Amino acid sequence: GWRRVINYTSYRLKRLPDTPHRIALGFACGAFASFSPLFGLHFFLAAFLAIIFRGNVLSSLMGTFFGNPVTFPIIGVVSYQTGLFIMGMGPEETAWQTIRFGISEAFSSIWSGIKFLFGYGPTEWDGFVDFFHIVFIPYFFGGLLPGFITAIVIYFVSKPLVNAYQHRRRGRLIEKIKEIREKREAENSKKDI
């Protein structure tokens, strides 16, 4: 499953019709967006960043695959712990549990608000407010530095790979065109005889 996703993503990334710089920049924007606590909005954030920095929007959407179920616990803990350090709150041993609990409380609060709109019970926004102060703010500020470092690394790794692939692909296309021309010339010379 994961191997197919990775192979397909790399295949699509390499075949994008744009410059290696713009493709790599878009991919880096997508990876940077994965470090944001705006879960569910990573595609939009990546596309927005790619537009601002003139990267390839499609490759930025593919770059958000950097954040996946395997890497999110690592991204979450690193971003959250970095945010706690920046804010002078010190590291937390149960960071992943705190993040998961905060997210579930926030969604529970949102769900109670939706039910309230339809007349089913009171609203309880305490979970959302707690999530915002305890998890979201440290995660947001802490995700900037590791996200920026990851984006730089991804840019400098992916740009030469895309460049090499595009040159190799262009060479193969030129060879095919030459073969087709040679066949046509051979057929035309046979017809002339």
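The values are calculated or read from the model by the stated rules, or taken from the named source; none is laboratory data. From a predicted model like this one, the values you see are computed outputs, not experimental measurements. The area values use the complete protein model at the heavy-atom level, side chains included, leaving out ligands, DNA and RNA. Shrake-Rupley method; radii C 1.70, N 1.55, O 1.52, S 1.80 Å.
Computed over the Cα atoms of region 56-193, pair by distinct pair, the Kirkwood hydrodynamic radius stands at 19.7 angstrom. Scalar couplings 3J(HN,Hα) for region 107-113, obtained by applying the Karplus form with A = 6.51, B = -1.76, C = 1.60 to θ = phi - 60°, are 5, 5, 5, 4, 5, 5, x Hz; x denotes Gly and Pro. In the full protein context, the chain carries 67 Å² of accessible surface per residue, based on a 1.4 Å probe and ignoring ligands, DNA and RNA.
With all protein chains in place and a 1.4 Å probe, the accessible surface of region 147-193 carries 59 percent carbon and sulfur.
Taking all protein chains together and a 1.4 Å probe, the residues Y165, Y11 rank Y11, Y165 from largest to smallest accessible area. Net length available on complete extension from Q97 to F43 is 16.9 nm, with 0.36 nm assigned per residue and the Cα-Cα distance removed. Give me the orientation-averaged projected area of the Cα convex hull of region 1-81, in nm², one decimal. Computed as one quarter of the Cα hull surface, the answer is 5.3 nm². Taking the 1.4 Å solvent-accessible surface of region 1-119 as the whole, the part contributed by carbon and sulfur is 70%. Note that region 61-69 has calculated 3J(HN,Hα) couplings of 5, 5, x, 5, 5, 4, x, 9, x Hz, one per residue in order, obtained from phi through the Karplus relation 6.51 cos²θ - 1.76 cosθ + 1.60 (θ = phi - 60°); glycine and proline are x.
Along region 146-156 the Karplus relation, 6.51 cos²θ - 1.76 cosθ + 1.60 evaluated at θ = phi - 60°, assigns HN-Hα couplings of x, x, 5, 5, 4, 4, 5, 4, 5, 4, 6 Hz to successive residues, with x for each Gly and Pro. Once the gyration tensor of the Cα atoms in region 33-79 is diagonalised, the equivalent ellipsoid follows with semi-axes of 20, 10, 8 Å, ordered largest first.
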